[in-house]
Amino acid sequence: MRTALTFVFIVFILPFVVAQGALSAGNNPEKVVLQNYTLEQCIDYAINHSLSVANSKADLEIAKAQVGVTRADGLPQINAGSSMSHNYKLTVAFLPAQFVNPNAPAGEFVALPFQPPFQGNAAVSANQMIFDATWFLGLRAAAVYTQLAERNVIRSKAEVIEGVTKAYYGLLISQERMELLDANLQRVETLFNETKAMYSNGFVEKIDVDRLEVSLNNLRTEKQRVMRLIEMSKSFLKFQMGLQQTDEITLGESLQKINPDVLLLQAQMQESFDYKSRPEYSLLETQRELNILAIKRDRLGYLPRLSATFQYGGLVGPSNAGDLFKFGNWNGFGNVGLTLSVPIFDGMRRHYLIQKSRLELIKTENTMQNLRRSIDLEQQQAQTNLANAMDNLQTQRRNMNLAAEVARISRIKYKEGVGSNLEVINAENDYKQAETSYYNALYEALIAKVDLDKAKGKLIK
């Protein structure tokens with residue numbers, strides 16, 4: 001019984017366990033840890049691991065392979081083949097009986113086999129295109145299609161750069177808010193402990209302690225909310241970079257390196273712009289070229305085609321199967337020739353193909369015109385949004401500095417006994433709100449700068 005159970009375990013259960021272990025190992029790749037990554041490093045990692053970029057690169061390789069396929073159509077096409085058959089039921093032909101027997105009556109026919117019991121043939125054939133106008137144009141179109149795939153790779157990279165940059169800034173802002181929140185929390189905790197001591201000595205009322213405790217609890221709740229926001233921002237950055245959510249990443253930059261005055265200067269700069277710097281416009285330009293080539297291809301289809309052919313082989317028809325493999329029984333044959341194909345009438349098919357290609361060209365040109373108008377509007381909106389965001393950022397920065405000064409003076413007055421506890425709490429709340437408004441404004445300015453770079457086609461060079 002034990003032997004039987006062991007056999008069942010080894011044959012049926014053990015392979016299943018091993019397969020499940022291998023599957024689990026495949027589904028749990030090694031954890032990736034990225035430490036102190038700058039924005040540039042995050043972008044490089046995302047480009048190298050983005051599935052959309054990988055797919056666009058695969059499309060580029062497909063386009064290159066298609067060029068090879070088109071080129072191969074113009075090279076010699078060589079084929080070899082052979083066949084052997086056993087005619088177990090011979091086909092007969094009806095001939096006048098006088099061919100066999102001169103004394104047979106006129107009008108009488110006999111059935112005679114005109115086929116050997118065994119047959120074999122082998123041949124090598126070659127075909128070389130000499131002239132086909134559509135092939136030369138197709139080769140050029142395949143090269144243009146490769147350019148289309150290359151520009152699609154650029155567009156995919158630009159989309160990845162935009163997503164990673166916005167996610168990076170979002171996480172950077174959240175982490176900076178956490179640092180300031182910790183400083184505020186520490187400051188209010190210190191004031192709360194000092195007030196409790198003063199209350200124990202009878203210098204302040206219980207309501208002063210309660211007010212500070214309420215403010216302290218609000219700050220702790222705010223800290224929990226910002227911590228969750230940091231985790232969400234980090235998850236979004238991981239997604240944009242092509243990381244798993246179980247991977248780890250830490251940022252290697254801080255907001256101190258970002259000079260808002262530089263953003264304002266960039267918002268005011270007037271630069272020359274070329275629509276071709278936008279990947280989507282370059283894609284349409286390439287598509288327009290493909291439409292033009294399609295029209296030319298359809299027109300060239302009216303021209304004749306010329307090709308050369310060559311064939312050499314052998315035939316055998318013995319009575320015995322064994323004689324099929326005796327090379328002395330084979331009879332050779334060969335031929336060379338030219339094949340000319342001249343289109344005369346195709347039911348107006350090519351006429352409608354040309355009409356279709358012309359309409360597709362018109363559609364592409366209309367799309368290009370509409371995209372130019374859209375890009376102009378997008379740039380104007382992005383420029384305006386960045387200017388407005390910078391104005392708001394400067395205002396919020398002044399407000400935060402003023403609120404910090406008011407909070408500092410309120411704490412000094414309260415400790416010296418010339419200010420109220422309520423005044424301190426209100427000043428701290430105003431300062432916290434001013435910090436929040438400042439970092440919201442900074443985030444909006446950074447995002448507006450990214451949008452402006454995208455509108456001008458500067459995300460990727």
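The values are calculated or read from the model by the stated rules, or taken from the named source; none is laboratory data. Keep in mind it's a predicted model, so treat the numbers as computed, not measured. Note that each Cβ is placed from the backbone with ideal geometry, even for glycine, and that neighbours are counted across all protein chains shown. Just so you know, the surface numbers come from the protein's heavy atoms only, side chains and all, with ligands and any DNA or RNA stripped out. Shrake-Rupley method; radii C 1.70, N 1.55, O 1.52, S 1.80 Å.
For this structure, a couple of remarks:
- Qualifying residue in the range 217-224 (condition: surrounded by 13 or more Cβ atoms within 10 Å (Cβ to Cβ) and part of a loop (DSSP other than H, G, I, E, B)): no
- Residues located in the range 190-216, provided they are of a type outside the set (Val, Ile, Thr) and either surrounded by 14 or more Cβ atoms within 10 Å (Cβ to Cβ) or under 23 Å from GLU253 (Cβ atoms) (or both): LEU191, PHE192, GLU194, LYS196, MET198, TYR199, ASP208, ARG211, LEU212, GLU213, SER215, LEU216
- Among the residues examined, GLY120 does not qualify as in a loop (DSSP other than H, G, I, E, B), touching a helix residue (DSSP H, G or I) at 6+ places or on another chain (Cβ under 8 Å) and open to solvent by less than 50 Å² (accessible area, probe 1.4 Å).
- Qualifying residue in the range 366-378 (condition: of a type in the set (A, V, I, L, M), closer than 30 Å to LEU303 by Cβ and free of Cβ contacts under 8 Å to residues at least 40 places away in the same chain): no
- So GLN383, is it assigned to a helix (DSSP H, G or I), open to solvent by 10 Å² or more (accessible area, probe 1.4 Å) and within 30 Å of TYR281 (Cα to Cα): yes
- Failed criterion for ARG297 (all others in (1) surrounded by 18 or more Cβ atoms within 10 Å (Cβ to Cβ); (2) at pLDDT 90 or above hold): (2)
- Answer from VAL153, VAL164 - the residue that is farther than 23 Å from LEU255 by Cβ and of a type in the set (Val, Ile, Thr): VAL153
- Criterion: assigned to a helix (DSSP H, G or I) and either buried (at least 17 other Cβ atoms within 10 Å of the Cβ) or modelled with pLDDT of 90 or more (or both) - qualifying residue of ARG187, ARG155: ARG155
- Going through (1) open to solvent by less than 70 Å² (accessible area, probe 1.4 Å); (2) at pLDDT 90 or above; (3) within 30 Å of THR286 (Cβ to Cβ) one by one, GLY81 falls short only on (3).
- Residue list for the range 123-140, filter: over 18 Å from PHE310 (Cβ atoms), open to solvent by 30 Å² or more (accessible area, probe 1.4 Å) and in contact with a Leu (Cβ under 7 Å, 6 or more places away or on another chain): ARG140
- Residue, nearest to TYR439 (Cα to Cα), within the range 233-260, restricted to residues that are more than 23 Å from the chain's Cα centre (by Cα) and in a helix (DSSP H, G or I): LEU255
Conditions tested, residue by residue: (1) open to solvent by 20 Å² or more (accessible area, probe 1.4 Å); (2) in a loop (DSSP other than H, G, I, E, B); (3) within 30 Å of MET390 (Cβ to Cβ).
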position: GLU280; (1), (2), (3): yes, no, yes
position: LEU293; (1), (2), (3): no, no, no
position: LEU303; (1), (2), (3): yes, yes, no
position: PHE310; (1), (2), (3): yes, no, no
position: GLY314; (1), (2), (3): no, no, no
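- All positions within the range 33-72 that are touching a strand residue (DSSP E or B) at 6+ places or on another chain (Cβ under 7 Å) and open to solvent by 80 Å² or more (accessible area, probe 1.4 Å): VAL33, GLN35, ASN36
Here is a yes/no grid of residues against (1) at pLDDT 90 or above; (2) part of a helix (DSSP H, G or I):
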| site | (1), (2) |
| --- | --- |
| LYS196 | no, yes |
| TYR199 | no, yes |
| VAL204 | no, no |
| LEU212 | no, yes |
| ILE230 | yes, yes |
| VAL262 | no, yes |
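- Boolean, THR250 is open to solvent by 20 Å² or more (accessible area, probe 1.4 Å), modelled with pLDDT of 90 or more and closer than 17 Å to ASN429 by Cα: no
To keep it simple, each residue is scored yes or no on (1) open to solvent by 10 Å² or more (accessible area, probe 1.4 Å); (2) farther than 18 Å from GLU213 by Cα; (3) outside any helix (DSSP H, G or I).
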{"residue": "ALA407", "(1), (2), (3)": "no, no, no"}
{"residue": "SER410", "(1), (2), (3)": "no, no, no"}
{"residue": "ASN429", "(1), (2), (3)": "yes, no, no"}
{"residue": "TYR439", "(1), (2), (3)": "yes, yes, no"}
{"residue": "TYR443", "(1), (2), (3)": "yes, yes, no"}
